[in-house]
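Following: one structure in C-alpha cells, then a few remarks.
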Amino acid sequence: MNDYATIHQPVLLEQCVDLVAPALDHAGAVAVDCTLGLAGHTIAFLKAAPQARLIGIDRDAEALALATERVRREGLADRFIPVHAAFDAFTAVLDEQGVDGVDAVFMDLGLSSLQIDETERGFSYSHDAPLDMRMDTSQPLTAERVLAQYDAESLARIFRTYGEERYARQIAREICRRREQEPIMTSAQLNRLVDEVIPQAHRPAGNPAKRVFQALRIEVNGELEKLAATLPQIANRLNVGGRLVVESYHSLEDKTVKSFMAQGLVADVPPGLPMIPEDAQPFFRELTRGAVKADEDEVARNPRSASVRLRGVELTRPVPERWRRRFSSGGASQRRGRGR
C-alpha cells in the first residue's frame with residue numbers, strides 16, 4: 001500500500017479553503033465534503049474553521065477508512081463524521097445525521113488519488129489491470145461487464161457522449177467483433193484495440209485510449225447523472241450565506257455545474273420585464289467569476305491539476321419555493337447505490 005498521506009496533493013487547496021472557510025466562521029457551522037477521497041481538502045477546511053464540524057461522504061470504503069484515520073491523526077476526529085454513501089444520497093445523509101441545513105458543500109469530482117494510484121482498480125490506461133473502474137467496489141457493474149454486454153450502438157453512444165470520441169462507432173464495432181473471439185478483460189487489451197482503430201493522423205495528444213477510458217468510468221459509476229441529481233439537493237439544504245464549491249476535471253462535469261449554478265445567478269423572468277418580482281430575483285452570488293484554473297506552478301507541482309475548473313457560489317437568500325419544487329421534482333436519487 002502506498003503512503004497516500006504523503007503523496008496525496010489536493011488540487012487548488014488554498015483557493016478552495018479561501019472559498020469555503022468564510023461560510024464556516026461561526027459557532028455550529030456544518031460543512032459537507034461530498035467527495036472525501038483521502039481527506040486532503042477536509043483536513044484543511046477543519047483547520048481553517050475551528051468552530052465547524054464536517055460530514056465526509058465517499059462511496060469508496062477503502063478511501064473512507066484511510067481518510068478517517070488521517071483525520072484522527074490530525075486531531076480533528078471530534079469534528080468529523082465519515083459516511084459511506086454515494087453523494088447523490090446527500091439529502092438522506094443529512095436526514096440521518098439530523099442536520100437540516102449546511103453552511104458549505106464541497107465537491108472534488110473525478111478520480112481520487114487512491115483510485116488513480118492503485119493500479120489494480122483498472123482506472124488508468126497507463127497500467128495493465130483488470131477492467132474494473134468501480135468507485136464503489138460493492139456494486140455489480142464493471143467496465144469489463146459493459147464491454148461484454150452492451151451492444152455496439154450503446155457502446156458508441158457512451159464513447160461519443162461521455163468521451164467525445166470521434167471514432168466511437170468504429171471502436172464499438174471492433175469491441176463487439178473481438179469479444180466474439182476472446183473477452184476484453186484488461187486495460188492492455190483495450191489500449192491495443194483503440195490504438196489499432198484510431199488512425200495515426202487523427203489522434204489527440206497523449207494516449208489515444210484516454211477518451212474511451214474516461215467514458216467507461218463515467219458509465220460504470222453513473223457520474224454525470226449523479227452529479228445532476230445531487231446539485232439541486234445541495235441548493236435545497238444550503239443555509240443563507242452558505243457556499244457551494246465544485247472542482248471539475250472534464251468539460252461534461254464543468255458544463256453540468258456551470259449550467260446548474262447559472263439558474264440561480266440570473267433573474268427568472270422574461271426579457272424586458274420592467275420590474276422583477278421578489279421570488280424571481282437571483283439567489284446565488286458568483287464567487288469565482290467563471291472557472292478558476294491552476295496556474296503553471298501548480299500544474300508543475302501537481303500534473304493532475306492541469307484540467308481542473310473551480311467554481312463557487314453563495315446562497316444570498318432562501319431558494320424560492322418554485323425553485324425548491326423544481327429542484328425536488330428533478331429526479332434526485334436518494335439511493336445508496338452506484339455513486340461517488
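The values are calculated or read from the model by the stated rules, or taken from the named source; none is laboratory data. Keep in mind that this is a model prediction, so the values were computed, not measured. Heads up, the Cβs are rebuilt from the backbone with ideal geometry, glycines too, and the neighbour counts pull from every protein chain shown. Each accessible area value is taken on the protein alone, full model and side chains, heavy atoms only, with ligands, DNA and RNA left out. Shrake-Rupley method; radii C 1.70, N 1.55, O 1.52, S 1.80 Å.
Using θ = phi - 60° and the Karplus form 6.51 cos²θ - 1.76 cosθ + 1.60, what ³J(HN,Hα) does each residue of the range 253-258 get, whole Hz, x for Gly and Pro?
Once θ is set to phi - 60°, the couplings for the range 253-258 become 4, 4, 4, 5, 5, 4 Hz.
Distance between the C-alpha centers of the range 8-38 and the range 201-219? Whole Å please.
Rounded to whole Å, the Cα centres lie 31 Å apart.
Give me a comma-separated list of calculated 3J(HN,Hα) values for the range 279-294, in order, Karplus coefficients 6.51, -1.76, 1.60 applied at θ = phi - 60°, integers in Hz, x for any Gly or Pro.
6, 9, 5, x, 10, 10, 10, 6, 9, 10, 6, x, 9, 8, 10, 6
Over the Cα atoms of the range 121-260, what Rg and Dmax result, in angstrom?
16.7, 59
In terms of modelled amide H atoms, which long-range or inter-chain residues lie less than 5 Å from the amide H of A29?
Residues meeting the criterion, in which the H sits 1.01 Å from N, are R53.
For P183, what is the net charge nearby, where nearby means another residue's Cβ is under 12 Å from its Cβ and Lys, Arg count +1, Asp, Glu -1?
That works out to 0.
Starting from the Cα gyration tensor of the chain, multiply each eigenvalue by 5, take the square root, and state the resulting semi-axes largest first in whole Å.
So the three semi-axes of the chain are 35, 24, 18 Å.
Mind putting a number on the dipole of the chain about its Cα centre? Charges go on the C-beta only, +1 for Lys and Arg and -1 for Asp and Glu, and I need it in Debye to the nearest 20.
That gives the chain a dipole magnitude of about 760 debye.
Do you know the Lys pair count in the chain for C-alpha distances under 16 Å, with sequence separation 8 or more or different chains?
For the chain, qualifying lysine pairs total 4.
To the nearest 500 deg cm²/dmol, what mean residue ellipticity at 222 nm is calculated for the chain from DSSP H runs of n ≥ 4 alone, each contributing -39,500 (n - 2.57), summed and divided by the residues?
Here the helix-only value at 222 nm equals -12000 deg cm²/dmol.
Share of the chain's accessible area from carbon and sulfur, percent, 1.4 Å?
Carbon and sulfur atoms account for 49 percent of the accessible area of the chain.
Starting at the first residue of the range 169-175, write each ³J(HN,Hα) from the Karplus equation 6.51 cos²θ - 1.76 cosθ + 1.60 with θ = phi - 60°, in whole Hz, x for Gly and Pro.
Computed from phi, the couplings for the range 169-175 are 5, 5, 5, 4, 4, 5, 4 Hz.
For the range 193-299, what is the Kirkwood estimate of the hydrodynamic radius, computed as the reciprocal of the mean inverse distance between distinct Cα atoms, to one decimal in Å?
One over the average 1/r among Cα pairs gives 17.4 Å for the range 193-299.
For the range 201-303, which trypsin sites (Lys or Arg not before Pro) are both in a DSSP coil and crowded by at most 16 other Cβ atoms within 10 Å?
R289, K293
Along each of its three principal axes, how wide is the spread of alpha-carbon positions in the range 271-314, in whole angstrom units, largest first?
51, 19, 12
Amide H to amide H under 5 Å from V105: which residues, 5+ apart in sequence or cross-chain, H placed 1.01 Å off N in plane?
V32, R243, L244, V245
A85's amide H: which non-local residues (gap 5+, or another chain) put their own amide H closer than 5 Å, with H modeled 1.01 Å from N in plane and none for Pro or chain starts?
D58, R59
When ranked by the protection proxy of mean other Cβ atoms within 10 Å per residue, highest first, what sequence do the peptides 146-159, 28-41, 80-93 form?
Taking the mean over residues of other Cβ atoms within 10 Å, the ranking is 28-41, 80-93, 146-159.
Contact order normalised by length for the chain, with contacts defined as Cα pairs under 8 Å and 6 or more residues apart; what percent is it?
The normalised contact order for the chain reaches 20 percent.
Which value, in Å² and to the nearest 10, is the accessible area of H26 when all protein chains are kept and the probe is 1.4 Å?
The value for H26 is about 70 Å².
Just want to confirm a number: the relative contact order over the range 137-235, from Cα pairs under 8 angstrom separated by 6+ residues, in percent.
33
State in Å² the accessible area per residue of the chain; use a 1.4 Å probe, count heavy atoms of protein chains only, and round to the nearest integer.
About 45 Å² of surface per residue is accessible.
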